[in-house]
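> Just dropping this structure here.
The values are calculated or read from the model by the stated rules, or taken from the named source; none is laboratory data. Remember, predicted model here, so these are calculated numbers, not experimental data. In this analysis, Cβ positions are derived from the backbone assuming ideal geometry, glycine residues included, and neighbour counts consider all displayed protein chains. Calculation scope for accessible area: heavy atoms of the full protein, side chains included, ligands and nucleic acids excluded. Shrake-Rupley method; radii C 1.70, N 1.55, O 1.52, S 1.80 Å.
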Amino acid sequence: MNQRLIALAALLAASYAAAEVAVVVNPKAGVDSLSQEQVANLFLGKATSFPSGGAATPVEQTDGATRNEFSTKVLKKDAAGVKAHWAKMQFTGKGTPPKEVGGSGDVKKFVAGNPNAIGYIDKGAVDGSVKVVGSF
Amino acid sequence: MSKIRPLALAISLALPAAAMAEESIFHFSGFGTVGVVQTDTNDAQYRNGLRQPEGADKSASLDVDSKLGLQVVGKFHPRFSATAQVLVQPDEEGDYKPELEWAFAKFDLTPDLSLRGGRIGAPIFLISDFRNVGYANPWARPPVDVYAQVPLSTFDGVDLVWRQAVGDNTLTVQPFVGQTDFDLAFDLEGEAKKMVGVNATYEIGSLLLRAGYTQIDLTVTSPSIKTLFGAMRTVGQAIPGWSAAADALEAKDKKASFSGIGATWDDGQLLVQGEYTQRRTESYVEDTNAWYGTVGYRFGNFMPYVSYASIETQHDDTADRLTVPAPTAPCTGAGAVPTQPICIRGAMMSAMSGADQSTTSLGVRWNAYKNIALKAQFDRVKNEAGKDNWFTTPTGKPGVAGKTVNVYSLVADFVF
């Protein structure tokens, strides 16, 4: 019984760990770490540059589990909430939503090839081509 | 034909070029609402503002909320863009005609400071620049008690949008100058000249605080209002005080201001929003104070909400104080002499536009599809006895002063 509980707990922990989202930038961006608010501000169009002053180009994933995870944990909104936020921004001429580039692999590739980019990927997909500035 | 050919050629060249470009410089989007509204009375009609000539009564109306907006943004340079928005909604004649709501150029002077010029959304309320985008708002429509106070939504001029990070918080300050004119129902025409204002917001995580102030030189007139002031001045040749009162009341390049404070808390689950506003004019357009408060809570794709809104008129007694001789005949009906001073004073007092009403609303928003929200809303509108309200009363109907009206609305909001 105890063993079964431990196994279940391990399984749950593993699934949570797998769902963790890493916010990544280009290694040349000169950014070390970002708070949840700073990341949210960039992805919601409330800030357009890194705290260090460099221009930031956020890229979104297409709809899926990682995006939902990121929206809930970092942007603190559900999918409809994010959509409503961008409807406000867009129809007040204040900005357009970040470009959607695909899944974790596509985002990693984009960020690795663009010094201003910031994206988020499944933590398991992290490698040396990008730099992690926050995990959520 | 020779004129069409270059255009056709340009289009045939531009379209594939735009389609082939990895990232088009043009971004098209749109929003809209299809709404149906019904009330429990035929005494007057419920409308969403002073521009709508008719609204909903016991027969359902599609015109109160339905609209369609199309927007195109051209990003010609990383720091230069142009935006145009066309809005189709019932106009002051009740016809659906497309209007150019916005057309402005935006130049980013720095990443935090941009300059815009052209026709721009007037940031008079907390949500005024997206008041038409139902999808971005919780209710079937912004609280009418508050939002009907200012019937203009855009201006022609320039603004600066300055955004400054303060730690993790964001301060946005938007000063603007310009002018506009607007047409309202029943032949009323308005002009807002020398518009100067500022809109400021401060965002602390889930909390947004807002304060704004706008002042204009206001003109609001119509053929019947002109006749009325003409009649007052004729009386003024015989009775002292009347000409001065006409000058004081006539809305002809008169100073007017609108100020408001507001706040929104939205943490993804709980939504709390409220505004307090004041309209002041040195004319027959009355001073008003209005506010609303809304609370909503999200359960998955459903958000039930409650809202309360109220508006009060600060009575201008300029007309009340006029000297009038005793009537010699009735003002209406058989043997009426409507040009008697007492009748003109009465007409003036009823022309003064303001409202004394309050609305309690209950509703639910359902995010039915990824870009469609459905809302059902029930409003109970309480109108003060002997006062004006934002309903429109068709000829021959008794009106709803002193009555409570139930309003039922179903709307579908979409963005694309």
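> If I filter region B:84-112 down to residues being outside any strand (DSSP E or B) and open to solvent by 30 Å² or more (accessible area, probe 1.4 Å), which single residue comes out as nearest to the other protein chains (Cβ to nearest Cβ)? Spell out the reasoning first.
Let us first name the residues in region B:84-112 that are outside any strand (DSSP E or B), namely B:91-95, B:111-112.
From what is left, the residues that are open to solvent by 30 Å² or more (accessible area, probe 1.4 Å) are B:92-93, B:95, B:111-112.
Working: B:GLU92: 23, B:GLU93: 25, B:ASP95: 23, B:PRO111: 5, B:ASP112: 8 Å.
Only one residue fits best here, namely B:PRO111.
> Return yes when A:GLY102 is more than 11 Å from the chain's Cα centre (by Cα), away from chain B (no Cβ under 14 Å), at positive phi and open to solvent by less than 20 Å² (accessible area, probe 1.4 Å) and no when it is not.
On the way: more than 11 Å from the chain's Cα centre (by Cα): yes; away from chain B (no Cβ under 14 Å): yes; at positive phi: yes; open to solvent by less than 20 Å² (accessible area, probe 1.4 Å): yes.
Answer is yes for this residue.
> Of the conditions (1) free of Cβ contacts under 8 Å to residues at least 60 places away in the same chain; (2) more than 21 Å from B:ARG163 (Cα to Cα); (3) more than 8 Å from chain B (Cβ to nearest Cβ), A:ALA40 satisfies every one except a single condition; which number is it?
(2)
> So which of B:ALA290, B:ALA263, B:ALA256, B:ALA246 ends up being outside any strand (DSSP E or B) and buried (at least 16 other Cβ atoms within 10 Å of the Cβ)? Outline the logic, then answer.
Details: B:ALA290 fails: outside any strand (DSSP E or B); B:ALA263 fails: outside any strand (DSSP E or B); B:ALA256 fails: outside any strand (DSSP E or B).
Residue meeting the stated conditions: B:ALA246.
> Against the condition at pLDDT below 95 and more than 9 Å from chain A (Cβ to nearest Cβ), how does B:GLY190 come out, does it pass? Working first, answer last.
Details: at pLDDT below 95: yes; more than 9 Å from chain A (Cβ to nearest Cβ): yes.
Judged against the criteria, B:GLY190 is a match.
> Here's a follow-up. If B:SER81 satisfies every condition in (1) buried (at least 21 other Cβ atoms within 10 Å of the Cβ); (2) more than 10 Å from chain A (Cβ to nearest Cβ); (3) at pLDDT below 95 but one, which is the exception?
If we test B:SER81 against (1) buried (at least 21 other Cβ atoms within 10 Å of the Cβ); (2) more than 10 Å from chain A (Cβ to nearest Cβ); (3) at pLDDT below 95, just (2) comes out false.
> Still on this structure: Scan region B:301-316 for residues that are in a loop (DSSP other than H, G, I, E, B) and either of a type in the set (Ser, Thr, Tyr) or open to solvent by 70 Å² or more (accessible area, probe 1.4 Å) (or both) and jot them down. Quick ask: steps written out before the conclusion?
Just the residues of region B:301-316 that are in a loop (DSSP other than H, G, I, E, B), to begin with: B:301, B:315-316.
Passing the criteria: B:ASN301, B:HIS315.
> Considering only region B:316-366, how many residues are touching a residue at least 40 places away in the same chain (Cβ under 8 Å) and small (Gly, Ala, Ser)?
Number satisfying all stated conditions: 9.
> Somewhere in region A:62-76, is a residue under 14 Å from the mean Cα position of the chain (by Cα), open to solvent by 40 Å² or more (accessible area, probe 1.4 Å), among the hydroxyl-bearing types (Ser, Thr, Tyr) and more than 10 Å from every other protein chain (Cβ to nearest Cβ)?
Checked against the condition, which is being under 14 Å from the mean Cα position of the chain (by Cα), open to solvent by 40 Å² or more (accessible area, probe 1.4 Å), among the hydroxyl-bearing types (Ser, Thr, Tyr) and more than 10 Å from every other protein chain (Cβ to nearest Cβ), region A:62-76 yields at least one hit.
> Going through A:PRO58, A:PRO51 one at a time, which residue ends up being surrounded by 15 or more Cβ atoms within 10 Å (Cβ to Cβ) and part of a loop (DSSP other than H, G, I, E, B)? Working first, answer last.
Working: A:PRO58 fails: part of a loop (DSSP other than H, G, I, E, B).
Of A:PRO58, A:PRO51, the one residue that is surrounded by 15 or more Cβ atoms within 10 Å (Cβ to Cβ) and part of a loop (DSSP other than H, G, I, E, B) is A:PRO51.
> Hey, among B:ALA148, B:ALA245, which residue is over 19 Å from the mean Cα position of the chain (by Cα) and more than 14 Å from every other protein chain (Cβ to nearest Cβ)? Break it down into steps so the answer makes sense when it comes.
Details: B:ALA148 fails: over 19 Å from the mean Cα position of the chain (by Cα).
The unique qualifying residue is B:ALA245.
> In addition: Inspect all residues belonging to region B:334-341 and state whether any of them is exposed (fewer than 15 other Cβ atoms within 10 Å of the Cβ) and in contact with a strand residue (DSSP E or B) (Cβ under 6 Å, 6 or more places away or on another chain). Show your work before the answer.
Within region B:334-341, the first condition is being exposed (fewer than 15 other Cβ atoms within 10 Å of the Cβ), and the residues that meet it are B:334-339.
Adding the requirement that they be in contact with a strand residue (DSSP E or B) (Cβ under 6 Å, 6 or more places away or on another chain) leaves none.
Looking through region B:334-341, none of the residues is exposed (fewer than 15 other Cβ atoms within 10 Å of the Cβ) and in contact with a strand residue (DSSP E or B) (Cβ under 6 Å, 6 or more places away or on another chain).
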